[in-house]
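Asker: Questions regarding the structure given below will be posed in turn.
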Amino acid sequence: MAKPGRDHEDEAGANAPVSRQRLDKWLWFARVLKTRTLAAKFVAEGHVRINGARVDAPAKAVAPGDVLTISLERAVKVFRIVSGGSRRGPYEEARLLYEDLSPPPPPRVPGDGLFPRRVRGAGRPTKRERRSLAAWLGRE
């Protein structure tokens, strides 16, 4: 017998994975962002694309098979949605909600211009090296 106000649930109950789900809710369930409010704000600012199209509505529905491109602070992540979540569980459970299609980050090699080159075991840095390191770290 169906309960009043609960006719939208199927026979599997509330714990069954959902096929379509709000984008902000899915980002929170998949542990991409820490809170659902932060996820909604992130989407509203335009940092998320669904199948290549920019999205600015946190309520936009996503479904399995959709590809999300998420521009985080220091990286761009590409996820293919495998399933919708039913709760925000541990990382192992959240990892089953998506397939990571992101390219691996480039290896950081000393001397590639990303940070000052320093020979290991060369003693204390010189004043010039110290200033270069401070500039790189933004401490000038």
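Asker: With a/c under 1.5 counting as rounded, go ahead and sort segment 21-100 into rounded, prolate or oblate using the C-alpha gyration tensor (a ≥ b ≥ c being the square roots of the eigenvalues; past the cut-off, prolate if a/b is larger than b/c, else oblate).
Answerer: rounded
Asker: Across segment 52-68, in residue order, what do the Karplus-derived ³J(HN,Hα) couplings come to in whole Hz, using 6.51 cos²θ - 1.76 cosθ + 1.60 with θ = phi - 60° and x for Gly and Pro?
Answerer: In residue order, the calculated couplings are x, 9, 5, 10, 10, 10, x, 7, 4, 7, 10, 9, x, x, 5, 10, 9 Hz.
Asker: Could you tally up the Lys pairs in segment 21-100 with alpha carbons closer than 17 Å? Skip any pair fewer than 8 positions apart unless they're on separate chains.
Answerer: Values: Lys25/Lys34; Lys25/Lys41; Lys25/Lys60; Lys34/Lys77; Lys41/Lys60.
Number of lysine pairs found: 5.
Asker: Here's a follow-up. Could you please report the charge total around Ile81, scoring K, R as +1 and D, E as -1 over all other residues with beta-carbon less than 9 angstrom from its beta-carbon?
Answerer: Cβ neighbours under 9 Å give a net charge of -1.
Asker: Something else now. Could you run the Karplus curve 6.51 cos²θ - 1.76 cosθ + 1.60 with θ = phi - 60° over segment 38-47 and give me ³J(HN,Hα) per residue in whole Hz, x for Gly and Pro?
Answerer: 5, 5, 5, 5, 4, 5, 4, 7, x, 8
Asker: May I ask you to evaluate 6.51 cos²θ - 1.76 cosθ + 1.60, the Karplus curve with θ = phi - 60°, for each residue of segment 20-31 and list the ³J(HN,Hα) values in order in whole Hz, giving x for glycine and proline?
Answerer: Each residue's phi maps through the Karplus curve to give 10, 8, 4, 4, 5, 5, 5, 4, 6, 4, 7, 6 Hz.
Since every read-out is calculated from the coordinates, none of them should be taken as a lab result. These numbers come from a predicted model, not from an experiment. So basically every Cβ, Gly included, is an ideal-geometry build from the backbone, and we count neighbours across all protein chains shown.
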